[in-house]
Amino acid sequence: MSKILKKIVHQEIPAIDYSFFCIYTSLDDYRLCWSINNILNRHLTKTNDYISEDTKIQLTHFSVYKELDKDTDLQYILLANKSNKTVLIPELQTFDFIFCISSLFSETDAQKLIDTIKEIKNVQLVVELSKIKHKPITDLQLTNIMEILNH
C-alpha cells in the first residue's frame, strides 16, 4: 500500500489496513460483481452509488458493491473507477474498478487472489495497487476512497 494511502487509512480507520486491487475489464459493474461473487464465494451487493462532486459540469455517480463478512469481519468493496467518461481516480485511469479488502495480504495470497480474478472472462488485468508505478494519488482522491470505505 502506498505511504499516502496508508496515512489516510490510519487517520480515518485506525488499526485497519486495506489491500487494493485494480481491475481492467470490459465487463459492466454488475457482471463483474456477479463474477467475483461466484469465483470468490462472496456476497457483494449494490449499495448507494458514490457521488463525486469533483466535476465542474455535473455530479457523477460511481457504482459501489459491498459485503461485510460477519464470520471474518472483513469488508469487501468493489468500486467503479469510471462513469460516463469520468474517472474517479485519474492517476489510475487505465483501470475500470478497484477491489478493496480490509486486510493486508502476503505476496503469495495477493497473487492467488489476482490469479483467481484473472480467471473471470473479459478481465484483462488485475494488479495490486502497491505494485503499480503511478503518479501520486492526490489527498482528495484518497479522501474519496476513504469516504466510500466508511460509507
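Okay, here's what the table says:
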| item | result |
| --- | --- |
| Residue count, segment 119-138 (criterion: within 15 Å of the chain's Cα centre (by Cα) and modelled with pLDDT of 85 or more) | 5 |
| Residue check, Leu125 touching a Cys at 6+ places or on another chain (Cβ under 9 Å), over 18 Å from Arg42 (Cβ atoms) and in a strand (DSSP E or B) | yes |
| Residue satisfying all of: in segment 79-103; charged (D, E, K, R) and within 24 Å of Leu40 (Cα to Cα); surrounded by the fewest Cβ atoms within 10 Å (Cβ to Cβ) among these | Lys82 |
| Cβ pairs under 9 Å, 6+ apart, first in segment 34-47 and at pLDDT 95 or above and assigned to a loop (DSSP other than H, G, I, E, B), second among the charged types (D, E, K, R) and surrounded by fewer than 17 Cβ atoms within 10 Å (Cβ to Cβ) | Arg42/Asp69; His43/Asp69 |
| Pairs with Cβ under 9 Å, 6+ apart, first in segment 96-121 and over 11 Å from Ser19 (Cβ atoms), second of a type outside the set (A, V, I, L, M) and assigned to a loop (DSSP other than H, G, I, E, B) | Asp96/Ser26; Asp96/Asn81; Phe97/Ser63; Phe97/Asn81; Gln111/Phe105; Lys112/Phe105 |
| Filtered residues of segment 21-46 (kept if under 15 Å from Phe62 (Cβ atoms), surrounded by fewer than 18 Cβ atoms within 10 Å (Cβ to Cβ) and among the charged types (D, E, K, R)) | Asp28, Lys46 |
| Pair list, Cβ under 8 Å, 6 or more apart: segment 82-94 residue touching a residue at least 60 places away in the same chain (Cβ under 8 Å), other residue part of a strand (DSSP E or B) and of a type outside the set (Gly, Ala, Ser) | Leu92/Cys22; Leu92/Ile98; Thr94/Cys22; Thr94/Tyr24 |
| Filtered residue count, segment 43-87, keeping only those that are over 15 Å from the mean Cα position of the chain (by Cα) and within 25 Å of Leu113 (Cα to Cα) | 6 |
| Filtered residue count, segment 49-71, keeping only those that are in a loop (DSSP other than H, G, I, E, B) and at pLDDT below 90 | 8 |
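The values are calculated or read from the model by the stated rules, or taken from the named source; none is laboratory data. Since the structure is predicted, the reported quantities are computational estimates derived from the model, not experimental observations. All Cβ positions, glycine included, derive from the backbone under ideal geometry; neighbour counts span all protein chains shown.
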